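Beneath this line is the structure, given in structure tokens, with notes to follow.
We did not get these values from a lab; they are worked out from the coordinates using the rules stated. These numbers were taken from a predicted model, which means no experiment stands behind them. Here the Cβ is made from the backbone with ideal geometry for all residues, glycine too, and neighbour counts use every protein chain on show.
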Amino acid sequence: MKTTLSLLVLALAGGACLAAAPTLPGPAFPNYPNAEALKASCDKNITRANQLLRQLEKRAVDVRWLGAFDAFNAALEDLGYPQQFVSAVHPDKAVREASEACELRWNDFTSTLGQNEKLFKAVRQFKPRDAIDRELVKTTLEGFEDAGVSLPPAQRARAKELADRIASLGVDFQRHIRDAGVRVAYTEAELKGVPESAWKSAKRDDAGKLLLGVDYPTYNAVMQSAELEPSRERMWRAKVNEGGEANLKLLAEITQLRKEYATLFGAGSWAEFTLRRRMAETLPRAQAFLAEVKAAVEARERQEVEELRRAKAEHLAQAPDGARVERWDVPFYTERVRRARFSVDQEAFRQYFPPQESLQFCLRLIEKLMGVRYERVEGVTLWHPEVQAYRVSDAANGKALATLWVDLYPRDGKYNHAAVWSMRGGSAAARRVPQAALVVNFDRKGLTLDELRTLLHELGHSVHNNLSATRYVQQAGTSVKRDFVEAPSQMLEDWIYDKQVLTLFAEVCPTCKPVPDTMIEQAKAAKDYGKGVQQSRQHLFASYDLALYGIEQRDPMALWAAMEGATPLGHVKGTMFPAGFAHIATNYSAGYYGYLWSLVVAMDMRTAFGNNRLDAAVGKRYRDIVLANGSQRPPTVLVKEFLGREFNSKAFFDDLKK
């Protein structure tokens, strides 16, 4: 996930002068040179937060009270978010640990705030002026109620105790993955078929073996290219066991505590408690949706597994019935089938998509489609020297809209997936500009087409943050319901297969070799292959998540082994995938189904662009209706206004048949 469009400072007419260098709107990112500096900042900012809280508690509930409450929440973002974010990205382990300690203190502040009776009563007393006010009052009251403010004293205290403990366990869970430092030792011969760029610069152990990490550029290169099955198996096992036994114990405790938390409110399960606030509304409705997905992909998955088995038998010169497809075989043989059937080689795309230029291309696409401009701002001190800063402005009037930070490359101790942090929500009323951090891990040699899709997906999250124009900070950007939040990103993923869109690459990199049309056509034809296995896997993740947080208390590992064991590829004994499933240990608990649910919405929204993916008129309408409104209107209302009708699942299920 990245967002950067490196635009040159424009020369004025005649070339005699240069325009002023762009500056970033909003506050600069705080500098934490060491752990002591972060701790001191944490002490100071939490003290300030408590001062602001006391001031708000004394304020009379008048027509401006909701605005004051929103300003308080905006201040909490600025005071606390940067301090908590750096645990995912800072190169200094001591700073990351100080960040985690600070996060626990902020969690304590937040859980206490959620049970503040004075503020709860004030929200109930406030008289909304219009629909936007009513929506914020509604969701704010729900937040207070879900934090336990209306519970009897003993239960309220237990709710806070549980919330704090769950948050602490989540921090531990993510640290075990981020700081695991997993390395797999290989000889060069064992890496036959793997691109040299993936291992050439790797460190070696005392025996001279290459030590490869499980970051995604390295992991994908080995899994998709290693000719030797044992090499793929070792990498796969290292990745799937990344969190270790410690995380299995944490997940078991997290699920038990969440179940107890839900029962305090009379809910039968954490899933029931959670889904009542989502688009799905009820657990049975989410389960029915997943059952429909399973019915649509089940036969296709079995067919694809059989095709992979035949490909393996042919590759190893075995009898047609003599091969067995293992989980570590799937990426490798999927790529072989794609190459054989569609002449598509993902590695071949790297020469056409250099990382920095790929970022610029994605930003240029957003510029064209949504009427904005990205300018690189130099000389900004951030959490790492390679992090880039961008000013986002409106192309029509030059108004500063947002700040975007981009962290492109892997390094030790850094979050090793792809994600966007909405660091700061915007507010039109307060003239407050949003800020987002795009964090990915790409190969410096270039991106595959699949990685370019990931970049565009993550950029979609940052755009959702950056182009928000809500009245209130609390309703800004990605504050939308969890089962809608992925839709604006998923909608854009298909743009990379459009040849007209890819011509924009020449605008940001005239010297880059254009990717041949035939390669794009082949990739477009090949993109549907493997969809059965891929979507069945997503279905498994979502179903496991809902089952884990269902009425019956289940051991995480035993449940996973049973559910994965029922799939065509089965379960591999001794592996512990749930130990690395951070989504369901943290903020996607009982919500992973949202990836499939929001994909339905995304694919339906995509139809509005028809055959012109660069239609600026539709893009502007999408920006103004869907992105700008954040959560100040329900997602069903926004999508209906954008499409001119209720959204439906036709595009999604039609696509599964391709």
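Brief remarks follow.
- Within the stretch 390-403, the set of residues being assigned to a strand (DSSP E or B) and touching a Gly at 6+ places or on another chain (Cβ under 9 Å) comprises Asp394, Ala400, Leu401, Ala402, Thr403.
- Condition met for Thr403 (among the hydroxyl-bearing types (Ser, Thr, Tyr), crowded, with 24+ Cβ neighbours inside 10 Å, in contact (Cβ under 8 Å) with a residue 12 or more places away in the chain and touching a helix residue (DSSP H, G or I) at 6+ places or on another chain (Cβ under 9 Å)): yes
- Complete set of residues in the stretch 405-425 that are closer than 16 Å to Val214 by Cβ, over 14 Å from the mean Cα position of the chain (by Cα) and of a type outside the set (Phe, Trp, Tyr): Pro410, Arg411, Asp412, Gly413, Lys414
- Residue list for the stretch 279-320, restricted to those being surrounded by 15 or more Cβ atoms within 10 Å (Cβ to Cβ) and small (Gly, Ala, Ser): Ala280, Ala286, Ala296, Ala311, Ala313
- Filtered residue count, the stretch 354-377, keeping only those that are of a type in the set (Asp, Glu) and part of a helix (DSSP H, G or I): 2
- Tally of residues being polar (S, T, N, Q) and under 22 Å from the mean Cα position of the chain (by Cα) across the stretch 191-246: 3
- Check on Gly446, crowded, with 18+ Cβ neighbours inside 10 Å and under 16 Å from Phe85 (Cα atoms): no
- The single residue among Trp199, Trp236 that is hydrophobic (A, V, I, L, M, F, W, C) and either crowded, with 22+ Cβ neighbours inside 10 Å or touching a residue at least 60 places away in the same chain (Cβ under 8 Å) (or both) turns out to be Trp236.
- Among the residues making up the stretch 484-514, those that are within 12 Å of Leu599 (Cα to Cα) and among the small types (Gly, Ala, Ser) are Ala487, Ser489.
- Taken over the stretch 616-658, residues that are of a type outside the set (A, V, I, L, M, F, W, C), under 24 Å from Lys499 (Cα atoms) and without any contact (Cβ under 8 Å) to a residue 12 or more places away in the chain amount to 1.
- When we screen Gly268, Gly208 for residues that are loosely packed, with under 15 Cβ neighbours inside 10 Å, touching a helix residue (DSSP H, G or I) at 6+ places or on another chain (Cβ under 8 Å) and part of a loop (DSSP other than H, G, I, E, B), the only hit is Gly268.
- The single residue among Ala561, Ala590 that is crowded, with 21+ Cβ neighbours inside 10 Å and either touching a helix residue (DSSP H, G or I) at 6+ places or on another chain (Cβ under 8 Å) or closer than 26 Å to Leu308 by Cα (or both) turns out to be Ala590.
- For the stretch 553-573, the candidate set comprises residues that are touching a Leu at 6+ places or on another chain (Cβ under 7 Å) and outside any loop (DSSP other than H, G, I, E, B); within that set, the residue that is farthest from Glu272 (Cα to Cα) is Glu564.
- Among the residues of the stretch 84-122, those identified as more than 29 Å from the chain's Cα centre (by Cα) and surrounded by fewer than 19 Cβ atoms within 10 Å (Cβ to Cβ) are Asn116, Glu117, Lys118, Lys121.
- Test for Ala602: is it in contact with a Ser or Thr (Cβ under 9 Å, 6 or more places away or on another chain), assigned to a helix (DSSP H, G or I) and crowded, with 22+ Cβ neighbours inside 10 Å: yes
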